[in-house]
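Reviewing the structure listed below.
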């Protein structure tokens with residue numbers, strides 16, 4: 001009965017979203033910690049200007065120089 | 001002075017739609033009428049402003065490792081809020097024709113790009129200016145495209161049911177209201193904008209050269 | 001027949017790029033080389049199909065909990081993003097050769113609106129599992145079709161065509177895409 005009440009719904013939604021957030025953060029870290037296999041370390045893609053993509057060539061350069069831009 | 005530079009950077013020099021080609025989907029999909037374009041710009045302004053403010057103010061708390069997931073979660077929450085607000089308060093037909101483009105702001109690269117490359121490194125006040133600059137740049141681009149598409153495609157300009165016939169409707173070119181018209185108009189606007197910026201740059205360079213020679 | 005009609009509409013009739021304007025950023029970025037376009041297309045087909053299946057069951061779960069309408073967006077985007085991360089991890093760890101050829105495109109796909117749109121569509125059209133599968137594959141195949149054709153046009157456009165300077169690059173690419181969209185209009189009148 002608690003599940004169908006309003007307050008129960010709120011708790012379920014919070015639970016569902018929290019689960020998704022944890023799932024995402026977990027898989028993100030898992031992926032980031034895994035090293036790229038041999039021969040792929042310098043895999044670069046010049047396709048677009050999405051600078052936050054982990055294959056964007058500016059990724060490494062940007063860290064030092066673009067502080068205030 | 002620096003604030004003005006940050007603003008102009010978003011509006012002109014790094015215009016998200018016309019120069020760095022990010023967030024192109026709404027620039028094509030919501031430019032059928034000026035009304036749609038204006039509401040879409042408002043939507044982007046709202047999300048970009050709040051995401052820049054929030055991300056900039058928590059930039060020292062968020063661990064560097066998980067910053068991108070945190071940004072995505074913040075942006076997704078904001079977009080859900082905007083979607084519900086617009087569903088409740090926007091004219092229904094406008095909401096209907098914006099359709100999923102509101103939900104898709106969540107994967108719009110302008111928002112995440114700004115969060116990552118500006119708001120995460122700068123003060124809140126600068127981030128606000130940056131958000132305003134970029135949304136103004138986006139708004140300018142899509143409203144210009146929408147203006148030409150609506151004017152040439154239907155011969156009239158309309159707002160909330162009132163319309164003003166400028167070109168007799170027999171002379172309107174229907175193509176510009178269709179899908180291919182969206183691509184072509186945006187292409188022409190990009191080319192025009194590039195030409196103007198090049199001309200301004202050339203003029204500036206010539207002026208500097210003249211000053212040097214004196 | 002109904003499945004064919006779904007597939008035809010998704011593939012050609014209302015093509016995801018040319019008539020629904022989605023996934024334009026990678027469309028302009030990745031279409032510079034044909035090999036890149038093919039890689040992006042294959043990666044997209046895999047991700048769209050798998051995440052559509054995941055979202056299909058997820059939506060059933062959300063409906064069962066009574067939360068569907070307002071949590072849909074945030075749950076979908078988080079699950080899709082986690083799925084792409086997991087896929088990238090899996091490829092890195094176990095199939096490095098595949099990662100080498102398709103890995104570049106995976107992070108891009110998280111920000112590709114096609115994936116999210118397909119998941120939102122299958123909920124709003126209330127497709128069943130088979131329809132979902134057909135729809136997802138054909139939307140992604142439609143994306144691949146257009147981006148591969150376009151990359152061929154573009155390699156000529158960038159190398160040999162003469163044009164005024166401001167049109168070089170993405171401006172002429174957009175206009176060309178407009179002409180392609182015009183050609184695709186002829187598919188839109190069919191109904192089965």
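Read-outs throughout are calculated quantities, based only on the coordinates presented, and are distinct from any laboratory measurement. All values reported here derive from a predicted model rather than from experimental measurement. Here Cβ is always computed from backbone atoms with ideal geometry, including for glycine, and neighbour counts include all displayed protein chains.
Axis of helix C:170-184 versus longest Cα principal axis of chain C: the two differ by about 70°, to the nearest ten degrees. Angle, helix C:68-94 long axis vs. longest principal axis of chain C, Cα atoms, 0 to 90°, nearest 10? Computed tilt is about 70 degrees.
In summary, the protein assembly as shown shows an alpha-carbon radius of gyration equal to 0.98 times the 2.2 N^0.38 Å reference for compact globular proteins. Largest GNM mean-square fluctuation among B:201, B:123, B:60, using chain B with Cα springs under 10 Å: B:201. The angle between the Cα long axis of helix C:113-124 and the longest principal axis of the Cα atoms of chain C comes to about 40 degrees, rounded to the nearest 10.
Overall shape of the stretch B:2-213 was characterised from the C-alpha gyration tensor. The equivalent ellipsoid obtained from it has semi-axes of 31, 27, 13 Å, in decreasing order. Taking every residue in B:55-66 and counting other chain Cβ atoms within 10 Å of its Cβ, the average works out to 1.
Put the Cα centre of the stretch C:119-192 next to the Cα centre of the stretch C:1-63 and the gap is 10 Å.
The mean number of partner chain beta-carbon atoms within 10 angstrom of a residue's beta-carbon across peptide C:56-64 is 1.
Once you order the gyration tensor axes a ≥ b ≥ c over the Cα atoms, which shape class does the stretch C:1-137 get: rounded for a/c under 1.5, otherwise prolate or oblate by comparing a/b with b/c? Spell out each step's value before the answer.
Details: a/c = 1.85, a/b = 1.25, b/c = 1.48.
Note, shape of the stretch C:1-137 comes out oblate.
The stretch B:152-198 and the stretch B:1-68 have their alpha-carbon centroids 24 Å apart. Residues of the stretch B:153-184 with an amide N closer than 20 Å to a point placed 7 Å from the Cα of residue B:199 along the Cα-to-Cβ direction: none.
With the Cα gyration tensor of the stretch B:1-128 in hand, convert its eigenvalues to equivalent ellipsoid semi-axes via √(5λ) and list them largest first in whole Å. Could you put the intermediate results ahead of the total?
Working: eigenvalues 127, 65, 30 Å².
Calculated on Cα positions only, the semi-axes equal 25, 18, 12 Å.
Peptides B:14-27, B:170-183, ordered by how many other C-beta atoms sit within 10 Å of their residues on average, highest first, read B:14-27, B:170-183.
Of B:122, B:108, B:64, the residue with the greatest mean-square motion in the GNM of chain B, using alpha carbon springs below 10 Å, is B:64. Taking chain C as a Gaussian network of alpha-carbon nodes connected by springs under 10 Å, the highest mean-square fluctuation of the residues C:80, C:24, C:172 belongs to C:172. Residue by residue along B:185-193, Cβ atoms of other protein chains within 10 Å of the local Cβ number 6 on average.
Summary value for chain C: 45 percent relative contact order, contacts being C-alpha pairs under 8 angstrom separated by 6+ residues.
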